[in-house]
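> Take a look at this one; I'll ask things after.
The values are calculated or read from the model by the stated rules, or taken from the named source; none is laboratory data. As the structure is a prediction and not an experimental result, all values here were calculated from the model. Every residue, glycine among them, receives a Cβ derived from its backbone with ideal geometry; neighbour counts consider all protein chains shown. Areas reflect the complete protein model, heavy atoms only, side chains present, ligands, DNA and RNA absent. Shrake-Rupley method; radii C 1.70, N 1.55, O 1.52, S 1.80 Å.
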Amino acid sequence: LPVALLRPAGGSMSVVEHVREMAAAGLHSNVRLLSGLLLTMSGNNPELFSPSQKYQLLVYHADSLFHDKEYRNAVSKYTMALQQKKALSKTSKVRPSTGNAASTPQSQCLPSEIEVKYKMAECYTMLKQDKDAIAILDGIPSRQRTPKINMMLANLYKKAGQERSSVTSYKEVLRQCPLALDAILGLLSLSVKGAEVASMTINIIQSIPNLDWLSVWIKAYAFVHTGDNTRAINTICSLEKKSLLRDNVDLLGSLADLYFRAGDNKNSILKFEQAQMLDPYLIKGMDVYGYLLAREGRLEDVENLGCRLFNISDQHAEPWVVSGCHSFYSKRYSRALYLGAKAIQLNSNSVQALLLKGAALRNMGRVQEAIIHFREAIRLAPCRLDCYEGLIECYLASNSIREAMVMANNVYKTLGANAQTLTLLATVCLEDPVTQEKAKTLLDKALTQRPDYIKAVVKKAELLSREQKYEDGIALLRNALANQSDCVLHRILGDFLVAVNEYQEAMDQYSIALSLDPNDQKSLEGLQKMEKEESPTDATQEEDVDDMEGSGEEGDLEGSDSEAAQWADQEQWFGMQ
């Protein structure tokens, strides 16, 4: 039998060569069965196969296990293969090759030791053992590292917070493959200047026709990673308008995400819808899209989106986050928590999943746990305001106003004085009686920059309610609603109209609010109250005014109740923008 296996008659292939051919043909289940039997035979008779043949069998068997997603078992077999290769190398040194023709093809056909180590690292990453993955790849000499090894190392270093090593590895990928765009994004995310990154691709841009857009592309994503949303949007729009890049799904997705970060939800939804129409199997960014739909009260659309995404793939975080959005806005926080945790399990870098789980924890009263999730989201996305908003909401919920103020000031300084950061700082100032005037100044600045910014309008309305300046509040809300329609603004306008005895129009505003979001409890309560008082007496009217004033003092428009009504349930459950 050994003779038949090792030296087949008539020059036909050996059994190991048959295994190799099946592996190359992708017949993984067949390879697994045959190689498993052959390895057992080898164990019972060590002389049956040569060391190189045993090495091959171990690698092909491990590959078939990897294909079956049995990663721990695969690592075990890969480790045995490397030990066999080490023994083979020692044997070769002691007993050098005679140079005959038979040994040459055998050595050429041996699976690459570098490739085996890469596969082991892949197994470790699937097992969430990143340190082991880094260790195995670090053991490969720099000169022997292929582009995919450097790319994996760069991503692992980045995840581990080893930024300098990550930058070095990304640069090595670009040196070998100057059009590796994801490596370019990796460098930009690690604060490497756009000009420096562009210089690494300049030769390839000049030597290949129709690549002139690449330098603009790099510039656009440099703006993205520095948090300059306005210039990023303008630059990507200029790219997207070029005939050759028109209707590119990745660019549309990036635009949608940037509009979301800038607080322009209308355009964000529009771009997501465009991207979806071009690619009905699109998954990336759909978690944000689902959140925006949920925030607008379009829960049926959210449910349909979740079902569609699950049909595409349940191995991505996005379907679970979208389903979690539906649960959250249906006030099923325990289920939202479970779905968020499942999404994180699938992708620990999913910012949206962290925000969903953090919001669910916060609304369930588990504020300290929520804080951990929002901090991790900030680490992963330091330029996204919604991550900071979620954390500040937790601080305010636990009466840690000082920590909230420090964080809001840091965001204001880091991301610049725009309508969003001004409003966020004003939100914290409103919690302290000493800083009410400062809040007013900040909100006025925010509304000067963006008169239609909903969060700033809501906060200013709360301030005017506290001061009982209802006419001013009505004017503010009418102005904000002139070019947009929002459930919360219509509902608050209804509250203000009640305060000035305009009952019929108040009912109209509550009805509009409910048409936009049928699940808005506050609008429903306001409308039901109006319907019960079809012919209100003067006394009842005065009582209504008192109720409105009281709710302002207790924070009905914003304070504890309004967090449930507007910021927590509507926008800031995981920090809009």
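> Rounded to whole Hz and in sequence order, give me ³J(HN,Hα) for the range 417-431 from the Karplus expression 6.51 cos²θ - 1.76 cosθ + 1.60, θ = phi - 60°, writing x for Gly and Pro.
8, 10, 4, 6, 5, 4, 5, 4, 5, 5, 4, 5, 4, 5, 6
> Residue by residue, what Karplus-based ³J(HN,Hα) values in Hz, rounded to whole numbers, does the range 273-282 have, using 6.51, -1.76 and 1.60 with θ = phi - 60° and x for Gly and Pro?
5, 4, 4, 5, 5, 6, 9, x, 9, 5
> Can you work out ³J(HN,Hα) from phi for every residue in the range 251-264, in order, using Karplus 6.51 cos²θ - 1.76 cosθ + 1.60 and θ = phi - 60°, giving whole Hz and x for Gly and Pro?
5, 5, x, 5, 4, 4, 5, 5, 4, 4, 5, 7, x, 9
> Over the range 187-317, what is the mean sequence separation of C-alpha contacts under 8 Å (at least six apart), divided by residue count, expressed as relative contact order in percent?
On the way: 111 pairs, mean separation 18.5, N = 131.
After rounding, I find 14 percent.
> What FRET efficiency comes out for the pair residue 345/residue 379, r = Cβ-Cβ distance, R0 = 22 Å, nearest 0.05? Before the final figure, lay out each step's value.
Values: r = 18 Å, r/R0 = 0.83.
The value I calculate is 0.75.
> Using alpha carbons only, what's the Rg to Rh ratio of the range 410-530 with Rh from Kirkwood?
Values: Rg = 14.9 Å, Rh = 14.8 Å.
Rg divided by Rh gives 1.01.
> How much of the calculated P(r) for the range 468-533 lies past 19 Å, in percent of all Cα pairs?
On the way: 502 of 2145 pairs.
Within the range 468-533, distances greater than 19 Å cover 23 percent of Cα pairs.
> Pairs of Cα atoms under 8 Å, at least six residues apart: use those to get the relative contact order of the range 468-533, whole percent.
Working: 67 pairs, mean separation 19.0, N = 66.
The normalised contact order for the range 468-533 reaches 29 percent.
> Something else about it: Assuming R0 = 25 Å, what is the FRET efficiency of residue 17 and residue 68, from their Cβ-Cβ distance, to the nearest 0.05?
Working: r = 23 Å, r/R0 = 0.92.
In this case the efficiency is close to 0.60.
> Oh, and also: Can you give me the pair-distance distribution of the chain, C-alpha pairs, 10 Å bins, whole percents?
3, 14, 21, 21, 15, 11, 7, 4, 3, 1, 0, 0
> Ok, one more. Quick check: the angle from helix 147-159's long axis to the longest principal axis of the chain, C-alpha only, nearest 10 degrees?
Once rounded, one gets 40 degrees.
> How big is the Kirkwood radius of the range 193-264, worked out from every pair of different alpha carbons and given in Å to one decimal?
Working: mean 1/r = 0.0790 Å⁻¹.
Computed over Cα pairs of the range 193-264, the Kirkwood hydrodynamic radius comes out at 12.7 Å.
> Just want to confirm a number: the relative contact order over the chain, from Cα pairs under 8 angstrom separated by 6+ residues, in percent. Numbers along the way, then the final one.
On the way: 741 pairs, mean separation 40.1, N = 577.
This gives 7 percent for the chain.
> Also: On a 0 to 90 degree scale, rounded to 10, what angle separates helix 333-346 from the longest Cα axis of the chain?
For 333-346 against the chain, the angle is about 30 degrees.
> In nm, to one decimal, how far is the residue 266 label point from the residue 207 one, both placed 7 Å along Cα→Cβ?
Here the modelled spin labels are 4.9 nm apart.
> Helix 213-225 versus the longest principal axis of the chain: what is the Cα-based angle in degrees, 0 to 90, to the nearest 10?
Rounded to the nearest ten degrees, it is 60.
> Given a 1.4 angstrom probe, I'd like the percentage of the accessible area of the chain that is carbon and sulfur, rounded to a whole number. Display every interim value, and only then the final one.
Details: 13990 of 27220 Å².
Carbon and sulfur together cover 51 percent of it.
> Can you work out the accessible area per residue across the range 193-264, with the rest of the protein chains kept in place, probe 1.4 Å, in square angstrom?
It amounts to 50 Å² per residue over the range 193-264.
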